[in-house]
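What follows is a set of notes on a single structure, which appears directly below.
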Amino acid sequence: MLAGLKVITEMNMQIRMRRLRSSDAMRRLVRGVSLSADNFVYPLFVCPGKGIKKPIESMADCFHFSPDMAAQEAKGIYEMGIPAVLLFGLPKKKDSKASEAFDDNAAVQQAIRKIKKAVPGLLVITDVCLCAYTNSGHCGIIKNKKIDNDASCEILARAAVSHAKAGADMVAPSDMMDGRIAAIRNALDEKGFVDTAIMSYSAKYASAFYGPFRGAADSAPAFGDRKTYQMDVASSAKQAMREIELDIAEGADIVMVKPAMAYLDIISEASRRFDVPIAAYQVSGEFMMINAAAKIGVFDRKAAIMESLVAIKRAGADIIISYFAKEAVKWIAC
Ligand code: PBG
């Protein structure tokens, strides 16, 4: 027997996992997962008008901003080190054709122009969907009481082009129609917007966790639900992988899983399988759930927020869209 081996045996060596947890410095050294301001996207809600910063009732510390105020807010966000905002637009008037979704002078298009002018370095990503613009509250156009997939793709492509024309760096389709990524990529390329990137809400589930957002965007469906286009919450990871695979084939630059915390398995599998950046959306219900629980003393708010975010990162998300982004970035910095 080798001398060294004998010594170890005689020492009755014990593996002690706690050695690497013994101090803050040791824990930092070995942890391997960390959050950075670079990982975050902050969502902003844009409404028509001027000088408006109105609290959103269903979502704590979130506001409806008119385009001018959105530009001011965006400046602060950029100065905090957050690289991107995700804009959601509200129309003056809803109709059956979602007309304001592709109106070059609607609120979100105005906000894009104002933000890019005020803060050129900040990435402007726009949500591309019809639910806030249709009087049905659905993400597509209704024909014969059904959602017409292909007609919806045409409108979505027009909306994406109008965002690109206003200066958006990236468009993010969240409607879940089939073929919309190809329709949008083709339309953007045809109009010369070859550099406008697409972040697809690829694996988006028909989740209960969007409740507070629908209050904010006034986009609850007037009839039925979104289960014929958003994914079944119990569907296997295979279906999500197929959605993601198709979107990449159609030209998505970044793919997204949404919501985040109840779908960490999907984030994890997607990040192992695909060589594109993976985004995860910590949605309004996740945000309000943590806020509400902290308020009644269930846990320490900051600790719970940071734990939820680092879990999303550890699962494999490169990009985290979160209403906590501003607070998290402040905490990361100190
Ligand atoms: C629009 C859209 C929704 C969200 C993002 N884009 C709502 C929905 O699909 O009903 C949800 C975001 C959130 O809950 O924070 N289709």
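Each value in this text was obtained by applying a stated rule to the coordinates, not by laboratory testing. What you see is a predicted model; the values in this text were computed from it and never measured. Every residue, glycine as well, gets a Cβ built from its backbone with ideal geometry; the counts of neighbours run over all protein chains shown.
By DSSP, what percent of the beta bridges with both residues in the chain are antiparallel, rounded to the nearest 5?
Numbers: 6 of 40 bridges.
Given both bridge residues lie in the chain, the antiparallel proportion sits at roughly 15 percent.
Kirkwood's formula applied to the C-alpha pairs of region 21-96 gives a hydrodynamic radius of 15.0 angstrom.
In the chain, the calculated helix contribution to ellipticity at 222 nm averages -12500 deg cm²/dmol per residue, counting -39,500 (n - 2.57) for every DSSP H run with n ≥ 4. Measuring from centroid to centroid over Cα atoms, what is the spacing of region 16-56 and region 197-240 in Å? Using only Cα atoms, the two centres lie 24 Å from each other.
Sorting F213, F299 by the number of Cβ atoms found within 10 Å of their own Cβ, with the fewest placed first, yields F299, F213. Only the Cβ atoms of Lys and Arg (+1) and of Asp and Glu (-1) were treated as charged; on that basis the dipole of region 35-258 about its Cα centre amounts to roughly 620 debye.
Within region 84-119, report the trypsin sites (Lys or Arg not before Pro) that DSSP leaves as loop and that have at most 13 other Cβ atoms within 10 Å.
On the way: sites: K92, K93, K94, K97, R113, K114, K116, K117; in loops: K92, K93, K94, K97.
The qualifying sites are K92, K93.
Loop only per DSSP, at most 11 neighbouring Cβ atoms within 10 Å: give me the trypsin sites (Lys or Arg not before Pro) in region 146-252, ordered by residue number. Please list the in-between numbers first.
Values: sites: K146, R158, K165, R180, R185, K191, K204, R214, R226, K227, K238, R242; in loops: K191, R226, K227.
When the trypsin sites (Lys or Arg not before Pro) of region 146-252 are filtered for loop state and at most 11 Cβ neighbours within 10 Å, K227 remain.
What the pair-distance distribution of region 35-258 shows, using all Cα-Cα distances binned every 5 Å from zero, is 1, 7, 15, 19, 21, 19, 11, 5, 1, 0 percent. Candidates V161, N291, N149 compared by Cα position along the dipole of the chain: farthest toward the positive end lies N291, with charges placed on Cβ.
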